[in-house]
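The values are calculated or read from the model by the stated rules, or taken from the named source; none is laboratory data. Note that the structure is predicted; figures quoted are calculated from it, not measured. FYI the Cβ positions are ideal-geometry reconstructions off the backbone, even for glycines, and counts take in every protein chain you see. Each accessible area value is taken on the protein alone, full model and side chains, heavy atoms only, with ligands, DNA and RNA left out. Shrake-Rupley method; radii C 1.70, N 1.55, O 1.52, S 1.80 Å.
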Amino acid sequence: MRSVGARRVTVGLILGALVLGGCARFDDSASSPFTPEPTLDGAKLEPKKPKPEENSTTRPSGPCIDPDPAVVVSCLDTTGGLVEMGGYALVAERRTGRILQVAPEQPPVEVARVEVDPAGDGGLSDIAVSPTYPEDGLIYAYVTTASDNRVVRVAEGGPPKPVLTGIPKGATGNRGAIDWSTPNQMLVLTGDAGDPAGASNPASMAGKLLRVNNPTANGNAPTEVAVSGIGSAGDICLGGDQIWITDRTPALDRLQRIGPDGVVTTAWTWPDRPGVAGCAVTPEGVAISLTDAKALAMATPDPKTFAVTAPPSVFIANKYGRLLGAAPSMDGTIWVTTANKSEGGQPTPNDDRVVRIPPPSAGGGGPD
């Protein structure tokens with residue numbers, strides 16, 4: 001779950017940003033490598049924004065209009081992952097299977113919907129856009145169905161097509177995450193489906209970080225295991241030539257790093273299990289949503305060794321409730337989603353929400 005714009009710093013990954021709704025062309029047969037990121041033509045790509053009333057100095061009020069200017073959109077169902085698109089975002093609703101386009105001062109627009117089984121922590125966990133999204137408009141999604149967890153590809157006006165099927169499903173541990181590491185390789189983070197033994201079983205796709213090369217819509221994409229022993233899957237976030245993943249185990253929560261040589265390092269652990277979830281690589285470090293702690297944490301790796309030697313700082317605690325998704329943006333803010341309508345949450349009338357959080361260095365809240 002990361003910014004299309006911010007992917008300039010990832011492993012060979014450049015995604016174009018394009019707003020859905022009239023400008024995107026969907027071609028379900030397309031699955032070609034990246035093209036260079038286009039220069040945004042604001043006049044063409046920016047959705048029209050309502051003009052503020054003259055002499056207005058206050059934010060509008062009313063149902064589903066949050067008084068907090070950091071809130072992009074309110075009154076969603078409980079959310080999953082999101083992709084920031086250069087001032088706009090695509091966001092997943094976990095239980096409904098809806099994929100929405102959201103932008104400040106605009107009502108959300110449904111761009112796709114997939115059938116999901118939302119029992120437990122299942123449903124629509126995460127989304128990613130095609131490497132050639134400006135040309136084909138394809139969206140990839142990690143979903144729970146009646147029989148399994150899987151990755152599907154969605155084109156406008158057509159049914160979801162399976163990319164990777166047969167990921168074990170359980171009463172818990174169904175959450176997953178997806179992202180592109182190269183133009184032709186997708187990373188898929190799977191949960192353990194409530195069975196830690198399965199996460200260590202090389203014959204099972206449960207509890208793994210998988211590399212899927214040249215994924216196609218036939219349901220049987222070939223996979224390679226990059227990491228085993230994943231608990232409840234959190235997220236994948238990329239920065240430079242480093243891959244970061246988060247997960248939760250019965251004993252602790254973790255931030256792990258995979259270097260370009262494939263070596264896996266445990267960067268940080270949380271024995272108090274604050275509920276690590278979405279992550280985003282930013283100039284300040286790796287931001288991690290802490291669902292149960294209702295906060296963001298910022299881990300600061302060493303610029304040369306990438307080791308995390310100091311406890312991650314915590315900010316924006318107890319302001320927006322349970323945070324789940326996280327994605328960086330080109331303006332330095334971190335876009336997050338909330339999951340207050342899910343089990344254990346205490347939703348306000350405006351939940352669930354997408355919120356833009358400034359980094360700690362920009363007044364996003366000091367460490368607790």
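Tabulated results
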| quantity | calculated |
| --- | --- |
| Paramagnetic reach from Thr266 in region 201-225 [backbone N under 17 Å; point 7 Å along Cα→Cβ] | 208-209 |
| Region 152-229 - convex hull of the alpha-carbon atoms, volume per residue in Å³ | 90 Å³ |
| Burial ranking of peptide ranges 117-125, 228-236 (average Cβ count within 10 Å, highest at the top) | 228-236, 117-125 |
| Accessible area (Å², per residue) of region 265-351, counting only protein heavy atoms and a probe of 1.4 Å | 41 Å² |
| Length added when fully stretched, Ala251-Ser228, from 0.36 nm per residue minus Cα-Cα | 6.6 nm |
| Surface share of carbon and sulfur [accessible, 1.4 angstrom probe, percent] for region 204-264 | 49 percent |
| D (Stokes-Einstein, µm²/s), Kirkwood Cα radius, region 81-213, 0.890 mPa s at 25 °C | 164 µm²/s |
| Distant-in-sequence amide H partners of Leu324 (H built 1.01 Å from N, under 5 Å) | Thr337, Thr338, Ala339 |
| With eigenvalues of the C-alpha gyration tensor scaled by 5 and rooted, region 106-177, Å | 22, 14, 10 |
| Gyration tensor over alpha-carbon atoms, region 241-358, equivalent ellipsoid semi-axes in Å | 25, 16, 11 |
| Nitroxide proxy distance, nm - points 7 Å out along Cα→Cβ at Asn201 and Lys161 | 3.1 nm |
| All Cα pairs of region 186-234, percent lying beyond 16 Å | 35 percent |
| Average projection area in nm² (convex hull over Cα atoms of region 182-279, one quarter of hull surface) | 6.5 nm² |
| Point-to-point label distance, Thr182-Arg273, nm (Cα→Cβ direction, 7 Å offset) | 3.8 nm |
| Between region 213-258 and region 171-194, the Cα center-to-center distance that results, in Å | 6 Å |
| Per residue accessible area in Å² of region 123-206, where ligands, DNA and RNA are left out and the probe is 1.4 Å | 28 Å² |
